[in-house]
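> My structure is below; once you've seen it, I'll send some questions.
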Protein chains: 4
Amino acid sequence: MNSIGSSIRMTSFGESHGKCIGVIVDGFPSGLKIGKQDVQKELDKRRPGQSSLTTSRQETDQVEFLSGIFKGYTTGAPICMLVWNQDRDSREYIKRRWTPRPGHADYPAHIKYGGYNDFRGGGRFSGRITASYVMAGALTKKLLKKTMNVEVIAHTKQIGPIVAETPETEDILRNKEQNLVRTGDLRVAPIMVEAIENASKEGDSLGGAVECFIRNLPAGIGEPVFNSFEGVLSNALFSIPAVKSVEFGLGKKLSMMKGSESNDSYIIRDEKITVKTNRGGGILGGISIGSLVFFTVNFKPTPSINKIQNTVDLNSFEETTIRVSGRHDPCIVPRAVPVVEAITSFLTADLSVQSGHIPRTLKESMSNDL
Amino acid sequence: MNSIGSSIRMTSFGESHGKCIGVIVDGFPSGLKIGKQDVQKELDKRRPGQSSLTTSRQETDQVEFLSGIFKGYTTGAPICMLVWNQDRDSREYIKRRWTPRPGHADYPAHIKYGGYNDFRGGGRFSGRITASYVMAGALTKKLLKKTMNVEVIAHTKQIGPIVAETPETEDILRNKEQNLVRTGDLRVAPIMVEAIENASKEGDSLGGAVECFIRNLPAGIGEPVFNSFEGVLSNALFSIPAVKSVEFGLGKKLSMMKGSESNDSYIIRDEKITVKTNRGGGILGGISIGSLVFFTVNFKPTPSINKIQNTVDLNSFEETTIRVSGRHDPCIVPRAVPVVEAITSFLTADLSVQSGHIPRTLKESMSNDL
Amino acid sequence: MNSIGSSIRMTSFGESHGKCIGVIVDGFPSGLKIGKQDVQKELDKRRPGQSSLTTSRQETDQVEFLSGIFKGYTTGAPICMLVWNQDRDSREYIKRRWTPRPGHADYPAHIKYGGYNDFRGGGRFSGRITASYVMAGALTKKLLKKTMNVEVIAHTKQIGPIVAETPETEDILRNKEQNLVRTGDLRVAPIMVEAIENASKEGDSLGGAVECFIRNLPAGIGEPVFNSFEGVLSNALFSIPAVKSVEFGLGKKLSMMKGSESNDSYIIRDEKITVKTNRGGGILGGISIGSLVFFTVNFKPTPSINKIQNTVDLNSFEETTIRVSGRHDPCIVPRAVPVVEAITSFLTADLSVQSGHIPRTLKESMSNDL
Amino acid sequence: MNSIGSSIRMTSFGESHGKCIGVIVDGFPSGLKIGKQDVQKELDKRRPGQSSLTTSRQETDQVEFLSGIFKGYTTGAPICMLVWNQDRDSREYIKRRWTPRPGHADYPAHIKYGGYNDFRGGGRFSGRITASYVMAGALTKKLLKKTMNVEVIAHTKQIGPIVAETPETEDILRNKEQNLVRTGDLRVAPIMVEAIENASKEGDSLGGAVECFIRNLPAGIGEPVFNSFEGVLSNALFSIPAVKSVEFGLGKKLSMMKGSESNDSYIIRDEKITVKTNRGGGILGGISIGSLVFFTVNFKPTPSINKIQNTVDLNSFEETTIRVSGRHDPCIVPRAVPVVEAITSFLTADLSVQSGHIPRTLKESMSNDL
């Protein structure tokens, strides 16, 4: 199904080369002031064609509100938002309709839907559908900030083999929109840019990693056992195309350590219980502990490459080759940064409503002019 | 909530030092022949006290069926199974009731439940609750084999810094129950055993990794977008205590590669479409592609260590220290192997019912004696 | 939440005086041929302004497909459909914004959403949102017919105190679109019309009942206990504004009978097991028995009446009066007939997918031109 | 599936002639004081063998807590409760195993589960499984009273053709446990008793109706559209065997009225907005309006009757006859009263948690002895 969330639920719809990409956000608290700009500023970070490193597909991705907002405030009714697709060129896709691209979902989608799926531009499996996550996430970003002062901050941690340092979240906030790859480490930014440009010239592609932080999250958020903070978040993060692993705290590195090296002991600072170190990423037993939450999302390289690859003709059932010469990002990671933030905001808000930290209606601004 | 699964749903209940650990499996197809031994053989691999490397808590963990099975067959009604807790020693936990153990869920659970949670032995946050997953998984393991010939095979890939080779799944099956750490690589097994023994002697602990394979899974299983195979599975895997990251296919390594190195091209073998290499782990766009599915689950070290650690007294609100001298595993990974298999079987079966690959009732064996 | 269904899920959005009324249908099987006309013909039966008995609001309610359909077939992706609102006149609603109309949801909605709800035309609580049910239902109506030969047939059973005879379903099909009140009993049709006209002249309104049949439904559909056929259906039917009771089979009358009068005994007809009588409505234990399913949905009178009524000013917190002079139907029942059919089709299809009677993809028509 | 509820979820398990009848309540707030007596007193009202009017099956139905309660308080973990079956006599059922009883679920269950269902005593379709609802309802009854002062009060409104007056809820409370049929109208109680006794002597059975009230429920409870208060409640009520219709407010009678007769106008009483009349039953648009909520649940007669009925042999596929001579209630209504209260309490509490009226943890009583 194309929905996620328990207390606040997002339902994504639309295809890469269909009419639009849209989303419905249901269960969203009433009374939050929302303007188009709140959503548009997030969409602008994700949209194609924003720099020399991204696909040349031109989409302005201007959000349109269809329901759920009245006089500038959320109403408690389902909020439908969409962007219309404008720059669709399906010729390449129709030409290679029967030859699935390696690394893309063409083949399993063909099997699952009996061949009826809209294959143009990858259809529902295109990275373009993450525009729906960004629209939904924009609402929850504002909700989290307003009601709990919670902020979600992601940046590019790695491009191919190049790994950034992790600065303070304040520095990430300042730095990441100052460079084309959206890293918080300005020192490696030009090296990352060059690596992407080189891959692009070779007709090749790169992967990488996004690191994400949730700050000011109080202790006690997250449901136990099967809806742990990590579980709920990872489920959602795997809905971003090309994500192949999710690591909480020091992640894989923790598995190499001893318990005496990995445990975070408790201390009191500023009359608050917190941890001295934070290797675990701020979550224990699936529940937030009131310290900085952080995790890393690893992306495989863009599967579209301008090289000859082996594939199979689904119609003639014979081996053949394919060269994917369409428009695509040589590295998706810089544009994935706002998507990871959106998904993270959304699920954090959902879990916060569930645990009673966000009310169902915000009372602050109700006045006679409503 | 303590439930997982859409078409087949497992609800876990019970606490480490409560009366029992149990599970309800609802939506399970009728007509599968199930005996106690089918479940018991899986529980035996997980139970404490099985070797010198595990906790000394003695639990025979004999499964009892309370409902849903009649004349040796599943009926389609909810199947309730449990094991009774026998060897409970809560003295340590009561003594240190107000001093949360670093790395455990004591502190966030205390906050979340207002102090009412059953803290003895970690309560619901104990590794002991994975017995409920194993019971549920045992049913689905048999169901997958019977209806689709699908098998789930996990083994220990890493203990602390020691990494095993990955043999063929057939060799893993043969080897893994032949050594105390349940690795498919017999060469490193004794080194792993020694590493755990050394950590134990030092009052310390180790983490590691479990690698898991799903074989014979046809193409087309897994729902798109928010219920991707990876997403659904990772959500469930994070419900195993101490899991900090999940990697599909080559996982984190993929993020360092170029697209031309990471893509798996399609070929035809034995009149079937398959991939030449399998770096992606057999899933694209959240849907199985009909090749071997594999992934790695990384565990942090057991947080219980016999060393002095800093913590806070929740009652007096002062800093203090704690030494966790209770019974625990110095490394949980060998006992986590059957748990990863159980969780994986369960969600694979759930997704297979959803996609219509497993029927709601098995007709094969219905006869007059029922 | 604004969603219903487990295997096929409908999410309704839009407000009476907002931009549009829309729906997303997710989980719908791929491969069903769907044209606009399939949906439009159902919308036309529901749309306002269709006769002298209905509201004078003019809406052409032309369906627009936004996603999920490609080359005339469903793709398995979420299907978004909507109708744009055109004839909105909110002046009345703004004038009486603080004086809730008796019998409408104005007051509880105001409380629930803290005053932020879009009150114009009743917003989300308007009968207009049933257009979303009709669009979703049109898809499932075709799906049921195509895959199972199942048909859902409703007609007007009662208008105010006037009760129709129940003819054979074949006669209902033939008769109901031949009269303005959509009853299968042509004899009472003019009396019903007159009753509505009289109520309208008096500034008053009428209620009534819709009777609904599901024919050709095989035995075994419906989940036990908490998702019984009756339970799932009644939950959905209560989402139609003004519905106050739902009766299966002879319903309330059964409660007056003796067991020997109410039981339906089993017989064999045409080599099929069936019931001799059908007082129970074709469902036992929440599961279909393979005979004609039927039930009755009772509607209260339209709460909008052109008479002075007592109410309260929510702003000044004083008692006051209101006269609802806007556009509305003096009796909603004739337009509710296609809505009951839509809701019933939708949930019947949902339960049929769940029980495996409808496949996830229809293979019949796949060809190279897709 | 055998679960119901969104924020608090009940999962029922067990069969009539299996080992036990049990329930898991998940998502229940932590910190509520619960003793066995809280549950037992409700079970005692439902248990068989309590009077001359009920089945002679002897079950003491002593509740046992398996999890989720610690030191007398709920912990926030899933609460598993059960009663063991003791007086099972399956001989009759085995004898007529292939001849489905008219009016019971034997036949559709046989079809749905391919013959594997536990047919003894009706298995999962027995009225006995309502013991699980009563256990779950007992918890929520106390929760509603403690946190919101909300009370759920049901009584017998009708037995066969005999209809009781509806006294004030205070009188119902006082009267209903003073007579064997649990009606609030002491005048008709002996007539109802006699009617049941007569039916029983004739080997026949009666139906009837339960009327239920929710008092002190504030305005704003209930979700719009597809999870309306009426919808959610009716879905749950249809899980009680023999329920064939549910009417809110005056129900079916409303459909005969004019709008000017059925609307409830708003007034101010004791500085609170309320309705002058209450024909609608206290719910508008699926949301509570802050007045007394009420509804009626209609039951068909017990299908088990000691008379010869026509049925079919499923094995030989021939017409035959059956006489159901086992133990059963000649009228289930008096024992259904606590069941209706339980179901109503449960869903009312669920919706109240959803809307934020009940917190996730009750803080009042936390002390060092926990």
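> Taking each residue of D:355-363 in turn, how many C-beta atoms of other protein chains fall within 10 Å of its C-beta, and what is the average?
Mean partner shielding for this stretch: 4.
> One-quarter of the Cα convex hull surface for the range A:217-369, in nm²? Write out the running numbers ahead of the final one.
Details: hull surface 66.4 nm².
Approximately 16.6 nm², given one-decimal rounding.
> Let me ask another. The range C:88-246: D in µm²/s via Stokes-Einstein (Kirkwood Rh, Cα pairs, 4 °C, 1.567 mPa s)? Each step should come with its number before you reach the end.
Working: Rh = 18.5 Å.
Estimated diffusion coefficient is 70 µm²/s.
> Can you list the lysines whose alpha carbon is less than 17 Å from that of A:LYS201, not counting same-chain residues fewer than 8 positions off?
A:LYS307, B:LYS258
> Name the chain B residue with the Cβ nearest the axis that maps B onto D: which is it, and what is the distance in angstrom?
Nearest-to-axis residue on chain B, with distance in whole Å, is B:THR11, 3.
> Pop out the carbon and sulfur fraction of the accessible area of the range C:1-118 as a percent, whole number, probe 1.4 Å. Mind showing how you got there, number by number?
Numbers: 1660 of 3480 Å².
Carbon with sulfur: 48 percent of the solvent-accessible area.
> Could you please report the charge total around D:ALA199, scoring K, R as +1 and D, E as -1 over all other residues with beta-carbon less than 13 angstrom from its beta-carbon?
Charge balance near D:ALA199 sits at -3.
> Answer with one residue from D:SER239, D:GLY203, D:TYR266: the one whose Cα lies farthest towards the positive end of the charge dipole of the range D:199-271, charges on Cβ with Lys, Arg +1 and Asp, Glu -1.
It is D:GLY203, whose Cα lies furthest towards the positive end.
> To the nearest 20 Debye, how big is the dipole of chain C about its Cα centre, given +1 on the beta carbon of each Lys and Arg and -1 on that of each Asp and Glu? Could you put the intermediate results ahead of the total?
Numbers: 46 positive and 40 negative charges, 72 e Å.
Roughly 340 debye, rounded to the nearest 20.
> GNM, chain B, Cα, under 10 Å: largest mean-square fluctuation among B:GLY184, B:GLY251, B:GLY281?
Among B:GLY184, B:GLY251, B:GLY281, the largest mean-square fluctuation in the Gaussian network model of chain B belongs to B:GLY251.
> Could you give, in nm with one decimal, how far D:ASP38 is from each other copy of that position, shortest first, with labels 7 Å out from Cα toward Cβ?
The answer, with the shortest distance listed first, is 3.8, 3.9, 5.2 nm.
> In whole angstrom, how far apart do the alpha carbon centroids of the range C:1-65 and the range B:127-154 sit?
If you average the Cα positions of each part, the centres end up 43 Å apart.
> How many angstrom lie between the C-alpha centres of the range B:227-301 and the range A:331-366?
The distance from the Cα centre of the range B:227-301 to that of the range A:331-366 comes to 28 Å.
> Something else about it: Given the DSSP H assignment, sum -39500 (n - 2.57) over each helix run of at least 4 residues in chain D and divide by its residue total; what's the result at 222 nm in deg cm²/dmol, nearest 500?
Mean residue ellipticity at 222 nm (helix-derived): -8000 deg cm²/dmol.
> Would you mind checking the pairs C:LYS244/D:LYS253; A:LYS300/B:LYS157; A:LYS363/B:LYS112 and listing those with alpha carbons more than 18 angstrom apart?
Distance filter (> 18 Å) returns A:LYS300/B:LYS157; A:LYS363/B:LYS112.
> Counting heavy atoms of the protein chains only and a 1.4 Å probe, report the per residue accessible area for chain A as a whole number of Å².
Here the per-residue accessible area is 31 Å².
> For the range D:39-178, what relative contact order do you get, as a whole percent, if you take Cα pairs closer than 8 Å and at least 6 residues apart?
Dividing the mean separation by the residue count of the range D:39-178 yields 18 percent.
> Tell me which DSSP H helices of chain C clear both cut-offs, 27 Å or more of axial length from alpha-carbon atoms and a mean Kyte-Doolittle hydropathy of at least 0.5.
C:333-354
> Rounded to a whole number of µm²/s, how large is the Stokes-Einstein D of the range B:1-79 at 37 °C and 0.692 mPa s, given Rh as the Kirkwood radius over C-alpha pairs?
Estimated via Stokes-Einstein, D reaches 233 µm²/s.
> Note the distances from A:SER56 to each other copy's matching label point, with points 7 Å along the Cα-to-beta-carbon direction, in nm, sorted shortest first.
Inter-copy label distances (nm, one decimal, shortest first): 5.9, 7.2, 9.1.
> Further question: Take the Cα of C:GLU165, step 7 Å along the line toward its Cβ, and report every residue of the range C:241-269 whose backbone nitrogen sits under 14 Å from that point.
No residues fall inside that zone.
> Around C:MET148, with a cut-off of 12 angstrom between Cβ atoms, what is the net charge of the other residues, counting Lys and Arg +1 and Asp and Glu -1?
Working: positive: C:LYS141, C:LYS142, C:LYS145, C:LYS146, C:ARG215; negative: C:GLU151.
Around C:MET148, the surrounding residues sum to +4.
> Continuing with this model, one more query. Take chain B, connect every pair of alpha-carbon atoms lying under 10 Å apart with a spring to form a Gaussian network, then pick out the residue of B:GLY259, B:GLY222, B:GLY22 with the largest mean-square fluctuation.
B:GLY259
> Using only Cα atoms, figure out Rg for the protein assembly as shown and give it as a multiple of 2.2 N^0.38 Å.
Compared with the compact-globule rule of thumb, the protein assembly as shown sits at 0.89.
> Using the Cα centre of the range A:119-230 as the reference point, and only Cβ charges (+1 on K/R, -1 on D/E), how large is the resulting charge dipole? Debye, rounded to the nearest 20.
620
> Here's a follow-up. Using only the Cα atoms of chain B, each taken as one equal point scatterer with no solvent, compute I(q) by the Debye sum, divide by I(0), and report log10 of the ratio at q = 0.08, 0.13, 0.15 Å⁻¹.
Rounded to two decimals, the profile gives -0.42, -1.08, -1.37.
> For chain A, give me the percentage of DSSP beta bridges that are antiparallel, rounded to the nearest 5 percent.
Of the beta bridges lying entirely in chain A, close to 95 percent run antiparallel.
> Something else: Based on the Kirkwood radius over alpha-carbon pairs, what value in µm²/s does the Stokes-Einstein equation return for the translational diffusion coefficient of the range D:75-166 at 37 °C and 0.692 mPa s?
It comes out at roughly 194 µm²/s.
> Also, I was wondering about something else. Compute the label zone of A:GLU202 within the range A:126-170: residues whose backbone N is under 13 Å from the point 7 Å along Cα-to-Cβ.
A:160-162
> A further question on this structure: What is the average number of partner chain Cβ atoms found within 10 Å of a Cβ in D:62-73?
Mean partner shielding for this stretch: 5.
> Can I ask one more? Any idea what the B:THR321 label distances to the other copies are, label 7 Å down the Cα→Cβ vector, nm, shortest first?
Values, ascending and in nm: 6.9, 8.3, 8.8.
> Charges at C-beta only: +1 for Lys and Arg, -1 for Asp and Glu. How large is the resulting dipole of the range D:1-111 about its Cα centre, in Debye rounded to 20?
140
> Let me ask another. Can you tell me, using C-alpha contacts under 8 Å and at least 6 residues apart, the relative contact order of the range D:1-91 as a whole percent?
Once normalised by length, the contact order is 32 percent.
The values are calculated or read from the model by the stated rules, or taken from the named source; none is laboratory data. Quantities reported herein were computed from a predicted structural model and do not represent experimental measurements. Cβ atoms come from the backbone with ideal geometry, glycine included; neighbour counts cover every protein chain shown. Just so you know, the surface numbers come from the protein's heavy atoms only, side chains and all, with ligands and any DNA or RNA stripped out. Shrake-Rupley method; radii C 1.70, N 1.55, O 1.52, S 1.80 Å.
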